[in-house]
Amino acid sequence: MEQSTLSYEITGHTRLICLLGSPVAHSKSPLMHNESFRRLGLDFCYLAFETPEAALEKTVEGLKLLNCRGFNLTMPCKNKMAALCDHLSPAAQICGAVNTVVNDGGVLTGHTTDGVGFLRSLKEAGQKFTGKKMVLLGTGGAGTAILVQSALDGLGEIAVFSRMSGPHAGRAVQITESLKARTSCQISLHDYASGELRRQIASADFLVNATNIGMAPEMDRCLIPDASWLSPKLFVADIIYNPAETKLLQMAKSVGCQTINGLPMLLYQGAEAFHLWTGQEMPVAAVKEKYFS
């Protein structure tokens with residue numbers, strides 16, 4: 001009998017790990033984590049709880065009292081959770097946002113695993129990024145995590161594009177200045193309206209869409225007007241995974257670019273969280289085959 005078909009029982013010793021945010025019903029996280037617990041024989045159970053931001057503090061206090069091992073955060077809870085943690089990882093501290101919490105006897109340590117997951121997806125695609133240049137579109141939660149981890153892990157240059165009159169503008173400036181002080185990465189911040197985007201893409205190794213532009217149901221939208229802005233040497237990533245191939249990725253493939261969508265990032269950010277909670281490696285090949293193929 002294959003190990004993946006074996007059942008495991010919830011006992012009086014089973015510890016809870018969960019997902020908090022709104023909405024959460026669509027999440028693949030319970031599938032990937034519970035499959036991993038089964039395969040490795042770990043006595044944990046992962047559940048998703050609909051949690052509006054206003055209820056987050058009370059929910060976290062309840063989870064501490066229940067000795068929950070840890071939890072994930074999705075929107076709209078990532079930023080508020082950072083203020084509720086006792087300790088923050090370096091990346092989470094710079095981001096001011098948390099997507100993974102580890103509970104050690106009531107002491108909460110917050111991490112952000114999105115950036116780690118994204119960079120692992122590049123490595124798995126055969127890409128070396130040390131010293132390379134990235135053009136990053138978007139400074140929301142995922143975009144910020146990618147920016148911070150990329151700078152910390154050795155990218156040489158990052159040209160970041162955002163709406164500088166938008167809600168994330170002030171935070172983007174603050175994070176950029178913090179990274180300049182902490183790393184040797186050359187980071188520049190641009191408004192989409194600056195006219196700089198095409199010029200920056202021309203000298204880039206990676207183009208990353210970390211916005212929701214191109215996501216269902218607005219699948220005909222793209223921040224790049226046409227494929228002439230792209231060249232075959234460019235590696236193009238889109239953190240969107242519904243649709244599996246956005247308009248941006250379609251254009252990139254049409255000129256011969258290597259591409260990835262957001263599914264590998266989703267898998268590997270979960271794998272990093274799994275390791276933080278359990279100290280073991282998620283069986284990513286099995287999880288990928290079952291839920292991400």
Taking the convex hull of Cα positions in segment 100-147, its mean projected area over all directions (nm²):
4.4
P(r) over all Cα-Cα pairs of segment 49-143, 10 Å bins from 0 to the longest distance, whole percent per bin, short to long, reads 15, 43, 27, 13, 3
Hydrodynamic radius by Kirkwood for segment 176-293, inverse mean 1/r across distinct Cα pairs, in Å, is 16.3
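With a 1.4 Å probe and all protein chains left in place, how much accessible area per residue does the chain have, in Å²?
Value returned for the chain: 45 Å² of accessible area per residue.
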Accessible area of segment 103-166 belonging to carbon and sulfur atoms, whole % at 1.4 Å probe:
46
Tell me which residues come under 5 Å, amide H to amide H, from LEU19 once H is placed; ignore anything under 5 positions away on its chain.
LEU47, ALA48, PHE49, ASN72
Stretched out fully, how many nm does the piece from ASP43 to ALA83 gain, at 0.36 nm a residue minus the Cα gap?
11.4 nm
Give or take rounding to whole Å, what are the principal axis extents of the alpha carbon atoms in the chain, in descending order?
60, 44, 35
Gaussian network model of the chain, springs between alpha carbon atoms under 10 Å - residue of TYR192, TYR46, TYR268 with greatest fluctuation:
TYR192
Could you check the simple spin-label distance between SER231 and ALA25, using points 7 Å along Cα→Cβ, in nm with one decimal?
4.8
Top to bottom by accessible area (1.4 Å), largest first, where do THR113, THR183 land?
THR183, THR113
Which loop-located trypsin sites (Lys or Arg not before Pro) does segment 190-249 contain, where loop means any DSSP state but H, G, I, E or B and the Cβ has at most 16 other Cβ atoms within 10 Å?
ARG221, LYS233
Can you tell me which of 28-38, 79-89, 139-149 comes out highest on packing, and rank the rest after it, using the mean Cβ neighbours within 10 Å?
139-149, 28-38, 79-89
Loop-located GluC sites (Glu not before Pro) in segment 100-193, at most 16 other Cβ atoms within 10 Å (DSSP)
none
Got the relative contact order for the chain handy, in percent, Cα pairs under 8 Å and 6 or more residues apart?
15
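The values are calculated or read from the model by the stated rules, or taken from the named source; none is laboratory data. Computed from a predicted structure; not experimentally measured. Every residue, glycine among them, receives a Cβ derived from its backbone with ideal geometry; neighbour counts consider all protein chains shown. Just the protein is used for accessible areas: all its heavy atoms, side chains included, with ligands, DNA and RNA removed. Shrake-Rupley method; radii C 1.70, N 1.55, O 1.52, S 1.80 Å.
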